[in-house]
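Asks: Have a look at this one.
The values are calculated or read from the model by the stated rules, or taken from the named source; none is laboratory data. Quantities reported herein were computed from a predicted structural model and do not represent experimental measurements. Note that each Cβ is placed from the backbone with ideal geometry, even for glycine, and that neighbours are counted across all protein chains shown.
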Amino acid sequence: MTALATQSETINRKSKIALYWSLTKPLQSGLLLATGLAGYMSARCPIFSMGTLLGLAGSLFLAIAGSTVLNMWWDRDIDAKMVRTKKRPTSAGQVAEREVLRLGLILSILGIGWAVAMNAFYGIIVFAGFFFDVVIYSMWLKRRTCWGIVWGGISGAMPILAGRALGLGAVDWIGITLALGILFWIPTHTLTFSMKFAKDYTDACVPTFPSTYGLGVTRATIAISSVLAALMMVVAGYGIGMTWGFLRLLGVLSAGLLMLAIAITFNPSERVNFSLFKYASLYMLAAMILVVIEAM
Amino acid sequence: MKMSPLDRVLLLVMGILAAYQVAVGIDGFSTVPIIAYTLAFGVLLVAGLLLIILGFEVLDSPIVVIVSTVIPLSLSTGLVWQHFASFRISYLVFAITSFLAVTVTRSIPMQNKLPVITIAITHGIAGMTIFLLPIILSIQGLTKPLFSLVGAGGALIGIGGLLLSFLKTGRPILSREMILKILPRLLLLMTICFVAGFKYG
């Protein structure tokens, strides 16, 4: 009987950890973490420290995961109204509200605290990312205006800026350009989602670009932001001092993004939208890998 | 036909090899070959990524015929520019004209056989150049023996092009399933031949 109870407790603990893990949106958090690490590596620190790199990875992941969990806690009511998100542990009632809030706060405090302890300036940027995401975007603007995504984008751009600032000890134009690259990349992600799940957002009364300005303007915005994201990444790559070979490769990947941006403008379809959405994620991951390889 | 995880892995490896070639494998060449090879391997890379994202359905797009001419045309232009100095300008003119001709004949609806003839001439000349030139050069001792691998890659790209072209005209040499099954393997093998041929040749 005791053995059975212990086994059931172990299973419960495992499933709870799995639920907590899903609350952190591991793929999204992982991609943002990758941008932070790339930002740090791009600084080509004169004294490379594995401890600092691990500290950066740990603190950033905790802060990003914490803000993601807090967003899910705050948005649990609208998530429950949307087909895409109603099965999330928060909206499906698999984890108690207070538990989610506690988890989000613990992760955020640990992440930001660790960041501040490592370097105050770096910690302030990490905190700014957290604040823009949770307070400005989710709590204040998301349900009021479709332009809230700009603030969501700014918070998404903070990890790369924080990483570079930690490496350099300052914010420079390359860091800002890298951050702008991420900021312009984010609409390809969020706006494609808002087109694909337009009904969901309408049902949840969340204003989006498609519902406010129509599909044409949304597609044009996606195309323009993709072009700007690619441009920023190439300029930043040049600023970092990438070799011509790596710049060529970045140019090729950017050309793919531009091609899809043109396709979404002149020959829009669900498939093109989806391919731009997926390609943009691969593009950003590849760009970050290039920055890291180049810096090594 | 659904793409298997193995197909995706093969295409990813192909993409990584093409990326390596763009970033590292063509350093030290002169400007025109660098542009030509960047175009060829860049198209391979982006096409590989789109195949991974969208699956084999992407091959149904009419733009595939136009884009797929870029690879043999630009590869052959790079080879001619590097190894056949007296034909540089004339081949460059041929490559640009052929690409424009393919684009026009595939964009405007035509009842005659002009689109098919244009494709056949373009792929025929470019394919034979990629296939024969490296082999002849290595036999003559003007390049290292392994440069002939580029020719082997040319043969593979020719086979792939033929299979896809006949499939798109509705008279497939092999069944659609079989073509799609071997395509990722063929593309990977072709890219390995090109990358190894340029590196060790």
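Asks: Let me confirm something: among A:Thr68, A:Thr52, A:Thr85, which residue is polar (S, T, N, Q), within 24 Å of A:Val100 (Cα to Cα) and surrounded by fewer than 21 Cβ atoms within 10 Å (Cβ to Cβ)?
Replies: Answer to the selection: A:Thr85.
Asks: Working only within the range B:63-75, note down all residues that are among the polar types (S, T, N, Q) and closer than 16 Å to B:Val22 by Cα.
Replies: Correct list: B:Ser74 only.
Asks: A further question on this structure: Among the residues of the range A:137-160, how many are more than 30 Å from A:Val291 (Cα to Cα) and either touching a Cys at 6+ places or on another chain (Cβ under 8 Å) or surrounded by 17 or more Cβ atoms within 10 Å (Cβ to Cβ) (or both)?
Replies: Residues flagged as more than 30 Å from A:Val291 (Cα to Cα) and either touching a Cys at 6+ places or on another chain (Cβ under 8 Å) or surrounded by 17 or more Cβ atoms within 10 Å (Cβ to Cβ) (or both) within the range A:137-160 amount to 5.
Asks: Those residues that are under 17 Å from the mean Cα position of the chain (by Cα), polar (S, T, N, Q) and over 30 Å from B:Pro62 (Cα atoms), I need them from the range B:135-180; list them, please.
Replies: Correct list: B:Ser148 only.
Asks: Only one residue in A:Phe277, A:Phe193, A:Phe266 is touching a residue at least 60 places away in the same chain (Cβ under 8 Å), surrounded by fewer than 21 Cβ atoms within 10 Å (Cβ to Cβ) and aromatic (Phe, Trp, Tyr). Which one?
Replies: Matching residue, one of A:Phe277, A:Phe193, A:Phe266: A:Phe193.
Asks: For the range A:16-84, please list each of the helices (runs of 4 or more DSSP H) lying entirely inside it that holds at least 3 residues being among the basic types (Lys, Arg) and within 19 Å of the chain's Cα centre (by Cα).
Replies: Hits in the range A:16-84: none.
Asks: Sticking with this one: If only one of B:Ser107, B:Ser76, B:Ser90 is among the hydroxyl-bearing types (Ser, Thr, Tyr) and under 30 Å from A:Arg271 (Cα atoms), which one is it?
Replies: Testing whether each residue is among the hydroxyl-bearing types (Ser, Thr, Tyr) and under 30 Å from A:Arg271 (Cα atoms) leaves just B:Ser107.
Asks: State which residue pairs qualify: first residue surrounded by fewer than 23 Cβ atoms within 10 Å (Cβ to Cβ) and inside the range A:238-257, second residue outside any helix (DSSP H, G or I) and not basic (Lys, Arg) in any location, beta carbons under 7 Å apart, and separation of 6 or more residues or different chains.
Replies: Once the first residue is surrounded by fewer than 23 Cβ atoms within 10 Å (Cβ to Cβ) and sits in the range A:238-257, its partners that are outside any helix (DSSP H, G or I) and not basic (Lys, Arg) give A:Gly245/B:Asp27.
Asks: Here is a follow-up. Run B:Gly141 past the list (1) at positive phi; (2) assigned to a helix (DSSP H, G or I); (3) among the small types (Gly, Ala, Ser) and report the number of the one that doesn't hold.
Replies: (2)
Asks: Is it the case that the range B:77-92 has a residue that's over 19 Å from B:Leu17 (Cα atoms), more than 10 Å from every other protein chain (Cβ to nearest Cβ) and charged (D, E, K, R)?
Replies: yes
Asks: Looking at B:Gly127, B:Gly48, which is the one that is modelled with pLDDT of 90 or more and more than 14 Å from every other protein chain (Cβ to nearest Cβ)?
Replies: B:Gly127
Asks: Checking the structure you have, find out if any residue of the range B:52-74 is polar (S, T, N, Q) and away from chain A (no Cβ under 13 Å).
Replies: So far as the range B:52-74 goes, yes, one or more of its residues are polar (S, T, N, Q) and away from chain A (no Cβ under 13 Å).
Asks: Ok, one more. Exactly one condition in (1) modelled with pLDDT under 90; (2) more than 14 Å from chain B (Cβ to nearest Cβ) is not met by A:Thr188; state its number.
Replies: Against the list (1) modelled with pLDDT under 90; (2) more than 14 Å from chain B (Cβ to nearest Cβ), A:Thr188 comes up short only on (2).
Asks: Can you give me the number of residues within the range B:115-154 that are within 16 Å of B:Phe198 (Cβ to Cβ) and of a type outside the set (D, E, K, R)?
Replies: Of the residues in the range B:115-154, 20 are within 16 Å of B:Phe198 (Cβ to Cβ) and of a type outside the set (D, E, K, R).
Asks: A follow-up question, please. Out of A:Thr90, A:Thr6, I need the residue that is part of a helix (DSSP H, G or I), at pLDDT below 95 and among the β-branched types (Val, Ile, Thr). Which one?
Replies: After ruling out the rest, the residue left standing is A:Thr6.
Asks: Check the range B:101-116 and report whether any residue there is over 23 Å from B:Ser61 (Cα atoms), out of contact with any Gly (no Cβ under 8 Å at 6 or more places or on another chain) and either at pLDDT 95 or above or in a helix (DSSP H, G or I) (or both).
Replies: Looking for residues that are over 23 Å from B:Ser61 (Cα atoms), out of contact with any Gly (no Cβ under 8 Å at 6 or more places or on another chain) and either at pLDDT 95 or above or in a helix (DSSP H, G or I) (or both), one finds none in the range B:101-116, hence no.
Asks: Here is a follow-up. Which numbered condition in (1) on the phi > 0 side of the Ramachandran plot; (2) in contact (Cβ under 8 Å) with a residue 12 or more places away in the chain is the only one that A:Gly214 fails?
Replies: The failed condition is (2).
Asks: Could I ask something else about it? Just name the residue that is farthest from the other protein chains (Cβ to nearest Cβ) out of those in the range B:8-41 that are in contact with a Lys or Arg (Cβ under 8 Å, 6 or more places away or on another chain) and not aliphatic (A, V, I, L, M).
Replies: Looking at the filtered set, the residue picked out is B:Gly25.
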